[in-house]
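The values are calculated or read from the model by the stated rules, or taken from the named source; none is laboratory data. On a predicted model such as this, the values are computed, not experimentally measured, just so you know. Neighbour counts are summed over all protein chains in view; Cβ atoms, including those assigned to glycine, are modelled from backbone coordinates with ideal geometry. Ligands, DNA and RNA are stripped out before the accessible areas are found, and what is left, the full protein with its side chains, is counted by its heavy atoms. Shrake-Rupley method; radii C 1.70, N 1.55, O 1.52, S 1.80 Å.
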Amino acid sequence: MQAAPPRRLPAGIWVLGFVSLLMDVSSEMIHSLLPVFLVTGLGASMLTVGLLEGAAEATALVVKVFSGAWSDWLGRRKPLAVLGYGLGAASKPLFALADAVGVVVAARLADRVGKGMRGAPRDALVADLAHPDQRGAAFGLRQSLDTVGAFLGPLVAIGLMLLWANDFRAIFWVAVVPAVLSVLLLVVGVREPERPANAVRVNPIRRENLRQLTRAYWWVVGIGALFTLARFSEAFLVLRAQQGGLAIAWAPLVLIAMNVVYSALAYPFGKLADRMSHRRLLAIGLAVLIAADLALAAADTGPLLWAGIGLWGVHMALTQGLLATMVAATAPPALRGTAFGMFNLASGLALLVASGLAGLLWDRLGGASTFIAGAVISALALAALAWKPPAADGG
């Protein structure tokens, strides 16, 4: 008797991946240059960069709570995803027009509100479209395509910086184009599963409904927050390399290097998560992050710096799709949007603290101290994994 052929991932998963790819090309063209633009062009301090990055990402993750719950109540994910991608696209021209730190703050927050609005519904839609035994692969594929955009964006930014003599604003205008294309592709290319005819709308954040979120789910939320506390904004990788003398035009090369590794490994590690202990993979990911932090603390130039950047990408590939898979596995289908939102709220608060602390340590004690602190927090998170998860150790 022949074995059944491997099940193919639904086309909608691929389309969502390419939607993410296009938006990330746009976002990373801007974000790979933004720390340098803020510091050298607008006179911002390292603490300002850290607080802005933390506040921006925390805003996105907090908004996911409400967008996720809203998508559960509506029983539809796509409209909110379209609205979120649309807001992200609309925010891009503000970066090109910015003449003060305040304008950049407004643009960055608007962009991250859009990210938050689309994030939880999109992740819930991936879980809705994928078969349960393919969720690791589905999240890994979407993350991989997303990360292709995350290194193509900085690559384009480098080329244009060299071609246009470091004209930040012209590059920010070019970034508007892929953002608009991502919205159009989502509108025409994704069809979400039909809602059951007898489905009843309920308020997902009522107490009796939230009680359906199990101890296994809350364990995942706690571990995810610890991971985020150990991993501050990638803006500090760019600034570390610039501290070592990397020319401004080549600053995006840092994110290119990290995201090439991330993109190449996210899908294989996602498939591995469908067959291997999740807790073991998380532990490996934390060990890799500790190694990355120590390398970055030891060097701001040369092979050790780039080894640390590459290891950071390995850590991201190991853990980001895996944590999303664990949320989907431990949350009831009717509360998936809310579950992703709550998970990202906890991670958002942790990221705000982590990035603010990273910027403060950098200003007071130097760049190396930021990465040493990251290694210490990562070691504490690794110790926390010794606590056995309540029926969450999937794979």
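On a 0 to 90° scale, report how tilted helix 253-273 is relative to the longest principal axis of the chain, with both axes built from alpha carbons and the result rounded to the nearest 10.
Here the helix axis deviates by roughly 20 degrees.
In segment 150-170, which residues have a backbone nitrogen under 16 Å from the label point lying 7 Å from Leu97's Cα in the Cα-to-Cβ direction?
Answer for segment 150-170: 169-170.
Using mean Cβ contacts within 10 Å as the protection proxy, how do 222-231, 63-72 order, highest first? Could you put the intermediate results ahead of the total?
Details: 222-231: 23.0, 63-72: 25.9.
Descending packing order for the listed peptides: 63-72, 222-231.
Could I have the simple spin-label model distance between Leu385 and Leu74, label points 7 Å from Cα toward Cβ, reported in nm to one decimal?
My value for the distance between the label points is 3.7 nm.
May I ask you to compute the full-extension gain from Leu304 to Val187, defined as 0.36 nm times their residue separation minus their alpha-carbon distance, rounded to one decimal in nm?
37.7 nm
What distance in nm lies between label points placed 7 Å from Cα along the C-beta direction at Glu194 and Leu109?
Label-label distance for Glu194 and Leu109, simple model: 4.4 nm.
If I fit a long axis through the Cα atoms of helix 302-330 and take the longest principal axis of the Cα atoms of the chain, what angle between them do I get, 0 to 90°, rounded to 10?
That helix lies at roughly 20 degrees to the long axis.
Given the C-alpha centroids of segment 108-126 and segment 360-383, what is the distance between them in whole angstrom?
Cα centroid of segment 108-126 versus Cα centroid of segment 360-383: 29 Å apart.
Which order, highest average first, do 337-343, 370-376, 275-281 follow once you tally other Cβ atoms within 10 Å for each residue and take the mean per peptide?
With the highest mean Cβ count within 10 Å placed first, the list reads 337-343, 370-376, 275-281.
Per residue, how large is the accessible surface of the chain? Use a 1.4 angstrom probe and give square angstrom.
So the chain comes to 39 Å² accessible per residue, rounded to a whole number.
For the Cα atoms of the chain, what angle does the longest principal axis make with the long axis of helix 176-189, in degrees from 0 to 90, nearest 10?
10
Can you tell me which of 137-146, 306-315 comes out highest on packing, and rank the rest after it, using the mean Cβ neighbours within 10 Å?
137-146, 306-315
Where the accessible area of the chain is counted over protein heavy atoms with a 1.4 Å probe, how much of it, in %, is carbon and sulfur?
67
Modelling each spin label as a point 7 Å along the Cα-to-Cβ direction, I'd like the Ile248/Ser45 distance in nm, to one decimal.
2.2
Just report the Cα centroid separation between segment 226-292 and segment 130-144, whole Å.
That distance is 19 Å.
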